[in-house]
1. Relative contact order for the chain: what percent, with Cα pairs under 8 Å and sequence separation of 6 or more?
2. If you wrap a convex hull around the alpha carbons of the chain, what volume per residue comes out, as a whole number of Å³?
3. Going by alpha carbons, how many degrees (0 to 90, nearest 10) lie between the helix axis of 15-29 and the longest principal axis of the chain?
4. Counting only protein heavy atoms, what percent of the accessible surface of the range 72-168 is carbon or sulfur at a 1.4 Å probe?
5. On a 0 to 90° scale, report how tilted helix 83-92 is relative to the longest principal axis of the chain, with both axes built from alpha carbons and the result rounded to the nearest 10.
6. Run the simple label-point estimate for Glu181 and Gln34 please: 7 Å along Cα→C-beta, distance reported in nm.
7. With everything on Cα atoms, drop me the angle between helix 119-144 and the longest principal axis of the chain, reported from 0 to 90° to the nearest 10.
8. Could you tell me what fraction of 2.2 N^0.38 Å the Cα radius of gyration of the range 93-171 comes to, as a two-decimal ratio?
Amino acid sequence: MSKKRKIPEINASSMADIAFLLLIFFLVTTTIDQDKGILHKLPAWSDEPPPDATLNQRNVLEILVNANNQLLVETDYIQVNQLKDIAIKHLTNRGRLPEYSVSPKDAIISLKNDRGTSYGVYLEIQNELKAAYRIVRDDMAYDLTDGKMTYQELDDCSANVELDANKQSYCERLKEQIKEEYPMKISEAEPVNLGGK
């Protein structure tokens, strides 16, 4: 005669607790990569139509980037590391050379990318253009402060509430004067298929 043996049951009452603890462990120990991007301050929304602007073509520095990440500035292919110097020439020309801008206030940099342009190259171009603006603004800041402050230092000074109000006002006035002389005018067109691949 065979006796039926009962198979012992596994106690599963603590399984939910274990799963919950594992979930908490993985949430605490896992890092999430953050997307990196470019900070751009967009203009305020307006219902008014934009003003009609007639541009002097010499005031516009045209930069085209194709799907092979090649840069065409006006009519010349260049490397990304040459872009900053060309942008500085364009911003500081003051009408001397006929291929660059008439004045810094009128200087515009027009950037047009191909849909196949890599994001890395796009970021490099943005960095070079912003570096050009930073250099020309710093040069003017040095001139206005007898070599004591950069544009960024003027910006920090104008926002520092711990400083005396006269110093803050002085820094703000100089910062605005520099921004008025060298407004950052980078125009970006909708990406298109420029070719290259």
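1. Values: 234 pairs, mean separation 42.5, N = 197.
Here the relative contact order equals 22 percent.
2. Numbers: hull volume 61.1 nm³, N = 197.
So the per-residue hull volume is 310 Å³.
3. Roughly 20 degrees, rounded to the nearest 10.
4. Numbers: 2530 of 5400 Å².
Here carbon and sulfur together make up 47 percent of the probe-accessible area.
5. 40
6. In this crude spin-label approximation the distance works out to 3.5 nm.
7. 50
8. Numbers: Rg = 17.1 Å, N = 79, 2.2 N^0.38 = 11.6 Å.
Working it through for the range 93-171, the quotient is 1.48.
The values are calculated or read from the model by the stated rules, or taken from the named source; none is laboratory data. All of these numbers come straight from a predicted model, not from anything done at the bench. Don't worry about glycine lacking a Cβ; one is built from the backbone with ideal geometry, like all the others, and counts go over all protein chains shown. Side chains included, ligands, DNA and RNA excluded: accessible areas come from the protein's heavy atoms. Shrake-Rupley method; radii C 1.70, N 1.55, O 1.52, S 1.80 Å.
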